[in-house]
Amino acid sequence: MSPLVALLLALAGAYGVHLLYTAVALRWTGIGPGPAVAREARPRRRMQDWLVQAGLDGVRPAELVAVVGVLALIGAAFGYATFGAAIPALALGAFAASFPIASFRNRRRTRRTVAQEAWPRMIEEIRILTGSLGRSVPQALFEVGRRGPEEMRPAFDAAHREWLISTDFPRTVAVLKDRLADPTADATCETLLVAHAIGGSDLDSRLRDLIEDRIQDVQGRKDARAKQAGVRFARAFVLVVPLGMAAAGVSVGEGRAAYGSPGGQLAVLAAIAMIIGCWMWAGSIMRLPEEERVFQA
């Protein structure tokens, strides 16, 4: 028997003894060196929150894949018709396939902006209803939700149905938080949940502090977006100008044949890569920081 085989057998025997001892003495299960630990679900949870925030909680992944595939084919066909070569066509197809993701990101950003601007007013209405008008916390929450932005009403309707069925406010709040997936909604719901559970006279002051914090956050984001308006307009030229120059080059002399040569394909591929890189880099430096959810289930 070779030394390597003997070493492998010794390691296997030692590991077997370890598994037997930990199973009997420590009640560990499985074949891992330590106890089974639940996998971290944060990336999956973030993806779910992303879909909810974009209003895509009813969209199936297969539908998204189908749209991406169709746009990839259209982009590849356009690239082949323009440059007459396979490599630039594939690059343009891959770039076109990213358009649905970019569109959904823009949709998510718009919906989050609407929610951020609406929450200060909604919290103020809840404060007035629970204070001056004497409404109960659940009643005030649902009454304000019915008058909220159109994008947020389905979440409040689902939470209201849960309340009518179970009259369990913690479960109702959990439904609302899952359907909104918004940090401000989390903080507001947790504040109302504590007030509903233990009562107290400090709900008015807590909601007032939350309103002030949200107003400052909204105003800061508005100022930042206003300063970026010109840069965002200029960013569009990263796509428009190179595509216009490429189309003009095809129509001049032997431009299309030059694109079909190996050197031309390499140059086009490098240009497309630089366009994509500049577009993504410009977007990354203009991206405003997002609040993280801290009261998730």
Zone of residue 64's modelled label, taken as backbone nitrogen in the range 88-131 under 15 Å from a point 7 Å along Cα→Cβ: 97-109
Neighbour-count ranking [beta-carbon atoms within 10 angstrom, fewest first] of 177, 222: 222, 177
From phi via Karplus (6.51, -1.76, 1.60), per-residue ³J(HN,Hα) for the range 124-131 in Hz, x at Gly/Pro: 4, 5, 4, 4, 5, 5, 7, x
Cut-off under 5 Å, modelled amide H: who pairs with residue 135 long-range: 130
Sorted by Cβ neighbour density within 10 Å, fewest at the top, the residues 104, 237: 237, 104
Residue-by-residue Karplus 3J(HN,Hα) for the range 75-90, coefficients 6.51, -1.76, 1.60, Hz, glycine and proline x: x, 5, 5, 5, x, 5, 5, 7, 9, x, 9, 6, 5, x, 5, 5
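With the contact rule set at Cα under 8 Å and sequence spacing of 6 or more, what percent relative contact order holds for the range 110-297? Display every interim value, and only then the final one.
Details: 123 pairs, mean separation 43.8, N = 188.
Reported as a whole number, the value is 23 percent.
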Residues 146, 135, sorted so that the one with the fewest Cβ neighbours within 10 Å comes first: 146, 135
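Looking at the range 110-297 from every direction and averaging, what is the projected area of its Cα convex hull in nm²?
Working: hull surface 59.7 nm².
That works out to 14.9 nm².
Any read-out appearing in this document is the output of simple, stated calculations on the displayed coordinates, not a laboratory observation. All values reported here derive from a predicted model rather than from experimental measurement. Positions of Cβ are generated from backbone atoms using ideal geometry, with glycine treated the same way; all protein chains shown enter the neighbour counts.
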